[in-house]
1. Output wanted: per-residue J couplings in Hz (rounded whole) for region 124-138, from phi through Karplus 6.51 cos²θ - 1.76 cosθ + 1.60, θ = phi - 60°, x for Gly and Pro.
2. From the backbone phi of region 243-252, what are the Karplus-calculated ³J(HN,Hα) couplings (6.51 cos²θ - 1.76 cosθ + 1.60, θ = phi - 60°) in whole Hz, Gly and Pro given as x?
3. Report the residues of region 216-248 in range of a label on Asp303: point 7 Å along Cα→C-beta, backbone N strictly under 20 Å from it.
4. Give the cross-link partners of Lys297 among the aspartates and glutamates, using a straight C-alpha distance below 16 Å as the criterion and excluding same-chain residues fewer than 8 apart.
5. Name the residues whose placed amide hydrogens come within less than 5 Å of the amide hydrogen of Gly150, ignoring near sequence neighbours (fewer than 5 apart) on the same chain.
6. Give the calculated FRET efficiency between Asp209 and Phe236 to the nearest 0.05, with a Förster radius of 22 Å applied to their Cβ-Cβ distance.
7. With a 10 Å radius around each residue's Cβ, average the other Cβ atoms per peptide and rank 208-220, 161-173, 47-59, highest first.
8. With a Förster radius of 41 Å, plug the Cβ-Cβ distance of Lys49 and Glu225 into 1/(1 + (r/R0)^6) and report the FRET value to the nearest 0.05.
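Please treat every number below as a calculation from the coordinates, not as lab data. This one's a predicted model, so the numbers in the text were calculated from it and none came from an experiment. With ideal geometry, Cβ positions are generated from the backbone for all residues, glycine too; neighbour counts draw on all protein chains shown.
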Amino acid sequence: MNNIVTKTKKTDLKFVYSENNTISIIFSKNEDLLGVSGEFNNNIKELEKITNTSIYSRGNSIILKNDHNKNEIVKNAISFLYDQYIINGTIEKKDIISSINKFMIDEKNNLQENINYIIKTPKKSVIPRSEKQKNYVKALRTSDVVISCGPAGTGKTFLAVAVALTMLLDKKIERIILSRPAVEAGERLGFLPGDMREKVDPYLRPLYDSLYDLLDFEKIQKKIEIGDIEIAPLAFMRGRTLKNSFAILDEAQNATDTQIKMFLTRIGENSKIVINGDPSQIDLPNKNLSGLNRSKKLLGHLDEISIVDFDHRDVVRHPLVSKIVKAYSEKNNND
């Protein structure tokens, strides 16, 4: 008969180890098991596919039957998903991807430490999903200026907007300013009808999407109407001084050196400035005009400024996005 070793976490999960490389994860509440497993066990199936492992559901337990190392990875992934479900009451596909991220499955990084980096917004709690995202959130909270570079899907804009929104709701600042250059991404959009806001809205749509994901549509619209949240093209920032504000420049790879300098020098009393961009997606006619990388080189030595560089390992969208980013990065390095 196999010896059974039982380990209990401070959560309501119990882990039962068997000698035949089997771990039983026992849930004290059946509704929590259903929440983690997902409808028709879709969450478990997705985790199986990502980790190339075998996972079974039996009664109030999830059973893992793999080699020791894979069992530990999946066990910690399910623990993360359980914590995510308890915090937010739901699990999204990106949570499943994040659950196998090294930062989240490392035994040395306990949940209590990670809780310090959770961004609690009215609609959801946002959790950093990699070590660099964790450092980024820390920088957003403590540095006057943050410059972040990296591929799409690494959370640069979303995390910055989430931190800004919590600071606004906590009355630590008076206004959020979201800006980006109005540069076409390879297409020719031609004449856009409407007033100025209607003309620039298509360029600023990703910023709206981040806001609506964190706070109810009506509340966001109200804050935009009264000026608590301002969304404007980069060209509109010239000549202003930003006080008690959290200003984010998105898609900064399409801003020139002069424009980035202009934006940075808008900073005023009790304000933060965040500059985000992806140097691999420059849409300027002359790519050498982009000022993003130059700003990092010029300002990285200043104590008040934090530089965060993301890569494909920090992508939290579909797993294929990470592979695509890595493939293009390797091709560019070899060219």
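1. 6, 9, 9, 10, x, 10, 7, 4, 5, 5, 4, 5, 5, 4, 4
2. 10, 6, 10, 10, 10, 10, 9, 9, 6, 5
3. none
4. Asp257, Asp278, Asp309
5. HN-HN under 5 Å from Gly150: Gly277, Asp278, Phe310.
6. On the way: r = 20 Å, r/R0 = 0.93.
In this case the efficiency is close to 0.60.
7. Working: 208-220: 16.4, 161-173: 19.5, 47-59: 14.8.
Averaged packing, sorted descending, gives the order 161-173, 208-220, 47-59.
8. On the way: r = 45 Å, r/R0 = 1.10.
After rounding to 0.05, the efficiency reads 0.35.
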